[in-house]
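S.K.: Structure below; questions to follow.
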């Protein structure tokens, strides 16, 4: 794909919220081609609202969103997908009554064998599970399907909303390897997370978000791990891999 801009994603002066409640204030983020950037903050800090605004699910009241140099601020979610943007929502949100294969191909106009081979190469586990209903998958398996489903849309910019939430440490590391492989292939990614240790594994840069305010937080400025969690108002790193919901 020919690049029109140095940035795969550029967001400037973004205000967004729900009705009269403003959640994001003057938000600004850039993501380069082939770069993984983290948006790190505690629950309720505004991560999902920001990601949803970029995806077109929440329309901003001010600001500009550019995808590879093209203004997509007023475009519908479907037109953003057509332009090369894909979202992996928090929790995956699969169709539980459909099989893995059906979840992967739903919404894809012409699913080709090459596309399926690509996601099965990234997540070989899914090939064995392709006929299993999504409702019978583990949390880690559901997250793999959610990422694979987004990749079936052939994006060049991927948004991931808390991909490590509730997953066992071994699954988190599996996802980290997959994300690193995607980055090596040129995929740009913005990842909203509260797990600072996971973000440190996969992100080249990150931003902090607190009460809707976003600020750069470069790795070169990071001190000991415990101080990172304190600075970003997220869970302490020694406990970041200790809980599991599924």
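The values are calculated or read from the model by the stated rules, or taken from the named source; none is laboratory data. These figures come from a predicted structure and were not determined experimentally. FYI the Cβ positions are ideal-geometry reconstructions off the backbone, even for glycines, and counts take in every protein chain you see.
S.K.: Just the residues that are surrounded by 17 or more Cβ atoms within 10 Å (Cβ to Cβ) and part of a helix (DSSP H, G or I), please, taken from segment 75-104.
M.R.: 80, 81, 100, 101, 103, 104
S.K.: Which of the residues belonging to segment 150-181 are closer than 20 Å to residue 80 by Cα and assigned to a helix (DSSP H, G or I)?
M.R.: Selection gives 150, 151.
S.K.: Next question. Specify the residue that is surrounded by the fewest Cβ atoms within 10 Å (Cβ to Cβ); the eligible residues are those in segment 1-14 that are within 22 Å of residue 82 (Cβ to Cβ) and touching a strand residue (DSSP E or B) at 6+ places or on another chain (Cβ under 8 Å).
M.R.: Restricting to residues being within 22 Å of residue 82 (Cβ to Cβ) and touching a strand residue (DSSP E or B) at 6+ places or on another chain (Cβ under 8 Å), the top hit is 4.
S.K.: Further question: So, in segment 15-29, of the ones that are surrounded by 19 or more Cβ atoms within 10 Å (Cβ to Cβ) and either out of contact with any helix residue (DSSP H, G or I) (no Cβ under 7 Å at 6 or more places or on another chain) or without any contact (Cβ under 8 Å) to a residue 60 or more places away in the chain (or both), which residue ends up farthest from residue 198 (Cα to Cα)?
M.R.: Taking segment 15-29 as the starting set, the residues that turn out to be surrounded by 19 or more Cβ atoms within 10 Å (Cβ to Cβ) are 16, 23-24, 27, 29.
Now drop any that are not either out of contact with any helix residue (DSSP H, G or I) (no Cβ under 7 Å at 6 or more places or on another chain) or without any contact (Cβ under 8 Å) to a residue 60 or more places away in the chain (or both), which leaves 16, 29.
Values: 16: 27, 29: 20 Å.
Of everything passing the filter in segment 15-29, 16 is farthest from residue 198 (Cα to Cα).
S.K.: Moving on to the next point. Quick one: is residue 137 more than 22 Å from residue 186 (Cα to Cα), surrounded by 17 or more Cβ atoms within 10 Å (Cβ to Cβ) and either at pLDDT below 90 or out of contact with any strand residue (DSSP E or B) (no Cβ under 9 Å at 6 or more places or on another chain) (or both)?
M.R.: Yes.
S.K.: Taking the stated definitions as given, is residue 57 under 22 Å from residue 194 (Cα atoms) and assigned to a strand (DSSP E or B)?
M.R.: For residue 57, the condition - under 22 Å from residue 194 (Cα atoms) and assigned to a strand (DSSP E or B) - is not met.
S.K.: Please work out if residue 109 is exposed (fewer than 14 other Cβ atoms within 10 Å of the Cβ), modelled with pLDDT of 90 or more and over 18 Å from residue 172 (Cα atoms).
M.R.: no
S.K.: In this structure, is residue 5 over 30 Å from residue 124 (Cβ atoms) and under 17 Å from the mean Cα position of the chain (by Cα)? Give the derivation first.
M.R.: Numbers: over 30 Å from residue 124 (Cβ atoms): yes; under 17 Å from the mean Cα position of the chain (by Cα): no.
The answer is no for residue 5.
S.K.: While we're on this one: Of all residues in segment 219-229 being surrounded by fewer than 19 Cβ atoms within 10 Å (Cβ to Cβ) and under 21 Å from residue 163 (Cα atoms), which is modelled with the highest pLDDT?
M.R.: For segment 219-229, the residue satisfying everything is 219.
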